[in-house]
Amino acid sequence: MPKFNDKWVVQPHGPLIELDRGLWTVEGEIVMPLGRFPRRMTVVALSDGRLLIWSPVPVDRATLQAIEAKGRIAFLIVPGIGHRLDIRAWASRFAKAQVLSPPGAREAVGEAVPVTATIDILGDPDVSFAAADGTDGKEGVLRVIRDGRLTLVVNDILANVRHPHGLGAKIMARLFGFGISRPRMPRPAKRMFVKDGRALAAQMRGWAADPALTRIVVSHGDVIEDDCAAVFERAAADFD
């Protein structure tokens, strides 16, 4: 069984940043030999005031207090197999929160904590959770609508690590294709999670065609807010 953090292990991270109404993010880092690799947690407020945490990352007291001030943490979403490291610590601290994962990741996430559901149980007209097409149910996607603006929160189907910190992080980002030159799907994720590349590419092109698309939030790297349609078109072309 993989190693999971049972305790609340805080690694370097930035502050809680507002991206849109009821949508925040925290950029963190995983300390590794010769560098720090970026990771990102996303916080979304539902219409009834409850919160969901996407790809939970332990944060310091001030940041956690800032999150809890936004609402009650009701859902913890583990968006993929590679994002289970800290879910035990979060589930322990927020025992009443329900844990969601995409269906293809349920068994793996279940090694860390019990999974409540693998379907959308959020009950919100403007926030929805589903598995990405073509990934055998292993990769989650979150749609967030705010005043007609669409934010897509994705996991390892797209990375945008443009500024890795340290030699080790730079080597890892370049070697495994974590989006140094442009946003793209990392090579290990493509190999491990993509069952039907054409189906995923078609979904990406569908997202690109949505005129409401405003922002893409990735689990690794910078938030994308410029020419999001072109980002998905180029990522889709990688499967042609």
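So the values come out like this:
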quantity	calculated
Fewest-first sequence of Trp8, Trp24 by Cβ atoms within 10 Å of each Cβ	Trp8, Trp24
Answer label, with Rg/Rh (Cα atoms, Kirkwood Rh) calculated from the coordinates and candidates [x] 0.96; [y] 0.93; [z] 0.99	[y]
Sparse-neighbourhood loop sites, trypsin sites (Lys or Arg not before Pro) in the stretch 13-83 - DSSP loop, at most 13 other Cβ within 10 angstrom	Arg21
Cross-link reach list, aspartates and glutamates versus Lys195, counting only Cα pairs under 16 Å and skipping chain neighbours closer than eight places	Asp133, Asp136, Glu139, Asp156, Asp238, Asp240
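No lab work stands behind these numbers, since they all come straight from the coordinates. Worth saying up front: this structure is predicted, and the values here are computed from it rather than measured. Methodologically, a virtual Cβ is constructed for each residue, glycine included, from the backbone with ideal geometry; neighbour enumeration extends over all protein chains shown.
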